[in-house]
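Below is one structure, written out as structure tokens; comments come after it.
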Amino acid sequence: MSTKRISKEYAQVSQSPPEGFTIALPPNESIHTWHITLAPPPPSPFHPGKYGILLTLPVDYPFKPPVVRFTTRLYHPNVTNDSLGNICLGLLKPENWKPSTKISAVLDALRNLLVEPQPDDPLEERIADEYRNDRPAWERNVRLHVDKYARAEPVFPPAVQ
């Protein structure tokens with residue numbers, strides 16, 4: 001069932017992706033790994049950056065949530081400030097995940113996170129404090145990261161053999 005649902009969702013989301021997204025399958029990989037590029041909308045301080053997102057669907061999807069991480073570094077309270085790019089997003093937490101949730105809803109939630117960070121559920125407490133208490137400094141740091149990491153096309157990790 002998993003592969004059939006994933007194939008159907010991939011067809012839908014790749015043919016008419018949510019605004020700002022480009023979705024592709026990496027060469028020689030299964031349908032369980034997606035390379036996603038997100039260009040956040042102009043009201044986001046992350047605009048005009050381009051962000052790589054690696055979406056990995058477990059074999060028991062949709063009963064388990066996808067694993068999603070940024071491959072492009074960004075300065076964000078809900079994303080680890082390192083090369084791992086782990087994301088804290090409520091709907092992806094196992095206790096909140098519902099099998100009826102579609103990948104398009106995950107992508108919408110990711111885009112919304114770049115428009116409106118959630119500092120009350122941070123992975124990076126220091127960045128969340130800065131976001132809450134010194135927004136101009138936070139926006140400067142975001143722009144520095146955009147210029148340093150997000151101006152070129154995203155780079156995705158090589159396929160695992």
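The values are calculated or read from the model by the stated rules, or taken from the named source; none is laboratory data. Since this is a predicted model, take the numbers as computed values, not measurements. Here Cβ is always computed from backbone atoms with ideal geometry, including for glycine, and neighbour counts include all displayed protein chains. Ligands, DNA and RNA are stripped out before the accessible areas are found, and what is left, the full protein with its side chains, is counted by its heavy atoms. Shrake-Rupley method; radii C 1.70, N 1.55, O 1.52, S 1.80 Å.
Over 16 Å from the mean Cα position of the chain (by Cα) and modelled with pLDDT under 95: does that describe PRO18?
no
If I go through segment 87-101 residue by residue, how many of them are closer than 10 Å to PRO62 by Cα and either open to solvent by less than 70 Å² (accessible area, probe 1.4 Å) or modelled with pLDDT under 95 (or both)?
Total satisfying the criteria: 3.
Going through LEU89, LEU25, LEU84, LEU38 one at a time, which residue ends up being in contact (Cβ under 8 Å) with a residue 60 or more places away in the chain and among the aliphatic types (A, V, I, L, M)?
LEU38
Of all residues in segment 120-136 being crowded, with 19+ Cβ neighbours inside 10 Å and not hydroxyl-bearing (Ser, Thr, Tyr), which is farthest from GLN12 (Cα to Cα)?
By that ranking, first place goes to GLU130.
Going by the conditions given, is ARG143 out of contact with any Pro (no Cβ under 6 Å at 6 or more places or on another chain) and in a helix (DSSP H, G or I)?
So ARG143 passes the test.
Residues are listed down the side, and each one gets a yes or a no for (1) surrounded by 19 or more Cβ atoms within 10 Å (Cβ to Cβ); (2) closer than 16 Å to PRO122 by Cβ; (3) of a type in the set (Gly, Ala, Ser):
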position: GLY52; (1), (2), (3): yes, no, yes
position: VAL59; (1), (2), (3): no, no, no
position: VAL79; (1), (2), (3): yes, yes, no
position: SER83; (1), (2), (3): no, no, yes
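Would you say THR71 is among the β-branched types (Val, Ile, Thr), open to solvent by 10 Å² or more (accessible area, probe 1.4 Å) and within 13 Å of the chain's Cα centre (by Cα)?
Considered against the rule, which asks whether it is among the β-branched types (Val, Ile, Thr), open to solvent by 10 Å² or more (accessible area, probe 1.4 Å) and within 13 Å of the chain's Cα centre (by Cα), THR71 comes out as yes.
Conditions tested, residue by residue: (1) part of a loop (DSSP other than H, G, I, E, B); (2) closer than 29 Å to TRP138 by Cβ; (3) without any contact (Cβ under 8 Å) to a residue 24 or more places away in the chain.
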site	(1), (2), (3)
THR3	no, no, no
ILE53	no, yes, no
PRO65	yes, yes, no
THR72	yes, yes, no
VAL106	no, yes, no
